[in-house]
Amino acid sequence: EGHLLHVISPLSHTPALSGNYPVLRKLALELRTAIAEHQLELYYQPKISLQSRQITGFEALIRWNHPIRGLVGPMDFIPAAEASGVIIQLGEWVIREACRQAARWQQAEFPFKRLAINISLIQFEQSNLMDILESSISETGVHPERIELEITESVMQSSERTIEVLHRLRAMGFYVTIDDFGTGYSSLSYLKRMPIDAIKMDKIFISDLGSQKDADIAVSIISLAKSLQIRLIAEGVETPEQITFLHKYLCEEVQGYLISRPLRADEMERAYDSICQWAYSLIGSSSLTV
Ligand code: C2E
Ligand code: MG
Ligand code: MG
Ligand code: MG
């Protein structure tokens, strides 16, 4: 990890990108090639239950093994993929690949509850998302209960349709999580009606838990999830102090570099036991009595 796509990254973070047609078109073309030539790869980052201290599952995070630029992270191409529409093909590749991996792990009885897939807003609004999910499930044989869909909070502004789609996804058996929670604009009345299983508190609230204000916000989000009776996941956990805090306030799950960086599937299989031991010792040493 780490080699950034310098040519594109300064642009990809600005809304101006959508107006920068030559760069956008070039990148969109390159991404089509990347899909066709198998340059894309999913990495997997574990999530840990603070109650059981076990790995509950993994989040699939896309990487681009660029022939010249090396390993490129999603922040350097997802925005362009969204702006150009290539996200549709890219997202379909991600769903199929993640389902194949989940099926392999399910088959091998590798211990995990769920494998999470990030779904971008554009995919969510795509009319054939259900078909892609359905065929990926039936072709790979993975149980839908083992697939978690991480959908960013901005979907919540959308509409009645959003609620309907979420209902259908859950009726199909998928586990649905709202990602980057706290960065969007969801009203509480919307949230109350959202058929979801979990919310994932954005890492901006975790990074500065030492400040009273951020700690207060984090506690409010945790209690909001409690009153809605949905699970809360905290992402971006980097220090033992953050674990102690989250454990104390009864957050259910954590994910972050402290526990493990995203790894390739085979690396994850080899690292599994040591990640479990490490997580066990971390949470054990946060010695909690609430
Ligand atoms: P996200 O879904 O919110 O994923 C969390 C990001 O935080 C990941 O970055 C992850 O590697 C990073 N992270 C994990 N632990 C820590 C930590 O302790 N500290 C910090 N600072 N960061 C941590 P990544 O892999 O670069 O992905 C960035 C974003 O790109 C994701 O945010 C997601 O929105 C998007 N993305 C990644 N893969 C896919 C994909 O397959 N499809 C779509 N549509 N979007 C994706
Ligand atoms: Mg995510
Ligand atoms: Mg996200
Ligand atoms: Mg996030």
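The values are calculated or read from the model by the stated rules, or taken from the named source; none is laboratory data. Values in this document were obtained by computation on a predicted structure and should not be read as measured data. All Cβ positions, glycine included, derive from the backbone under ideal geometry; neighbour counts span all protein chains shown. Only protein heavy atoms, including side chains, enter the accessible area calculation; ligands, DNA and RNA are left aside. Shrake-Rupley method; radii C 1.70, N 1.55, O 1.52, S 1.80 Å.
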Seminar exercise, completed: When (1) within 16 Å of ligand 2 (Cβ to nearest atom); (2) open to solvent by less than 60 Å² (accessible area, probe 1.4 Å); (3) modelled with pLDDT under 95 are applied to I48, the one that fails is (3)
Problem set entry | Filter pass, I147 being hydrophobic (A, V, I, L, M, F, W, C), within 19 Å of R104 (Cα to Cα) and at pLDDT 95 or above | yes
Seminar exercise, completed: (1) under 17 Å from S52 (Cβ atoms); (2) assigned to a loop (DSSP other than H, G, I, E, B); (3) at pLDDT below 95 all hold for V237 apart from (3)
Exercise. So which pairs qualify, if the first residue must be in the range 78-93 and over 17 Å from A60 (Cα atoms), the second must be among the polar types (S, T, N, Q) and open to solvent by less than 10 Å² (accessible area, probe 1.4 Å), the Cβ gap must be under 6 Å, and the two must be at least 6 apart or on different chains?
Worked result: P79/S12; A80/S12
Problem set entry | Selected residue (criterion: nearest to ligand 1 (Cβ to nearest atom)) from residues of the range 207-224 that are surrounded by fewer than 19 Cβ atoms within 10 Å (Cβ to Cβ) and in a loop (DSSP other than H, G, I, E, B) | S207
Seminar exercise, completed: Of (1) at pLDDT 95 or above; (2) more than 16 Å from ligand 2 (Cβ to nearest atom), Q126 fails just (1)
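Here's a check for you: in the range 99-118, which residue that is aliphatic (A, V, I, L, M) and touching a Ser or Thr at 6+ places or on another chain (Cβ under 8 Å) is farthest from T56 (Cα to Cα)?
Across the range 99-118, the extreme among qualifying residues is A103.
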Problem set entry | Residues of the range 136-184 satisfying the condition of being assigned to a helix (DSSP H, G or I), farther than 15 Å from L115 by Cβ, out of contact with any Gly (no Cβ under 7 Å at 6 or more places or on another chain) and of a type in the set (S, T, Y) | S138, T162
Problem set entry | Flag for R100 being more than 16 Å from ligand 2 (Cβ to nearest atom), open to solvent by 50 Å² or more (accessible area, probe 1.4 Å) and within 24 Å of D266 (Cβ to Cβ) | yes
Exercise. If you check I62 against the conditions, is it under 17 Å from A98 (Cα atoms), touching a strand residue (DSSP E or B) at 6+ places or on another chain (Cβ under 9 Å) and open to solvent by 10 Å² or more (accessible area, probe 1.4 Å)?
Worked result: yes
Problem set entry | Any hit, the range 67-86, residues being in contact with a helix residue (DSSP H, G or I) (Cβ under 8 Å, 6 or more places away or on another chain), on the phi < 0 side of the Ramachandran plot and away from ligand 1 (no atom under 16 Å from the Cβ) | no
Exercise. Do you know which residues across the range 95-122 are within 16 Å of ligand 1 (Cβ to nearest atom), assigned to a helix (DSSP H, G or I) and of a type in the set (S, T, N, Q)?
Worked result: Q101
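Within the range 229-244, restricting attention to residues that are closer than 26 Å to K192 by Cα and surrounded by 15 or more Cβ atoms within 10 Å (Cβ to Cβ), which residue is nearest to ligand 3 (Cβ to nearest atom)?
Ranking the qualifying residues of the range 229-244, first place goes to E235.
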Exercise. Taking the range 107-141 only, how many residues are away from ligand 3 (no atom under 16 Å from the Cβ), surrounded by fewer than 17 Cβ atoms within 10 Å (Cβ to Cβ) and either within 16 Å of the chain's Cα centre (by Cα) or aromatic (F, W, Y) (or both)?
Worked result: 2
Exercise. In the range 192-206, which residues are away from ligand 2 (no atom under 16 Å from the Cβ) and either open to solvent by 80 Å² or more (accessible area, probe 1.4 Å) or farther than 23 Å from R114 by Cα (or both)?
Worked result: K192, R193
